[in-house]
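Note sheet for the following structure.
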Amino acid sequence: QVQLVESGGGLVPPGGSLRLSCAGSGTAFTIYTMGWYRQAPGKQRELVAAIPNVGSTVYADSVKGRFTISRDNRKSTVYLQMNSLKPEDTAVYYCKMWWGSRNYWGQGTQVTVSS
């Protein structure tokens, strides 16, 4: 059974930083593209960043220069380093992995940016 477990969310003041982690299990992690999505109240889920096993990373324009996605295949884990956080970054952040027709989601972790 494939599982993705996120951690690292929380409450942070504007300008602060958080690091999200997503640990995968139950499948060959290496072949999958890994990504982070987010969904704010009343809004559609959107792609924040993605990292393939080979190739370039992708970022939403709203997070470029502030967020960094990385992966450690030995640990089957993907990370999202979030710096210079803004109130509009407040959302539930979801980890996703996909390859061909296969895709899996984590349960989500809440990130709240507020003073």
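The values are calculated or read from the model by the stated rules, or taken from the named source; none is laboratory data. Because the structure is predicted, anything quoted here is derived from the model rather than measured. Here Cβ is always computed from backbone atoms with ideal geometry, including for glycine, and neighbour counts include all displayed protein chains. Surface areas here come from the heavy atoms of the whole protein model, side chains and all, with no ligands, DNA or RNA. Shrake-Rupley method; radii C 1.70, N 1.55, O 1.52, S 1.80 Å.
Average accessible surface for the chain: 53 Å² per residue, computed with a 1.4 Å probe over protein heavy atoms with every protein chain in place.
The count of lysine pairs in the chain with alpha-carbon distances below 21 Å, taking only pairs 8 or more places apart or on different chains, stands at 6. Each peptide among 71-77, 107-113 gets the average number of other Cβ atoms lying within 10 Å of its residues, and from highest to lowest they stand as 107-113, 71-77. Phi-derived couplings, Karplus 6.51 cos²θ - 1.76 cosθ + 1.60 at θ = phi - 60°, listed residue by residue for region 56-66: 8, 7, 10, 10, 5, 4, 5, 10, 4, x, 10 Hz, with x used for Gly and Pro. In the chain, the portion of solvent-accessible area held by carbon and sulfur atoms comes to 48 percent [1.4 Å probe, whole percent, DNA, RNA and ligands not counted].
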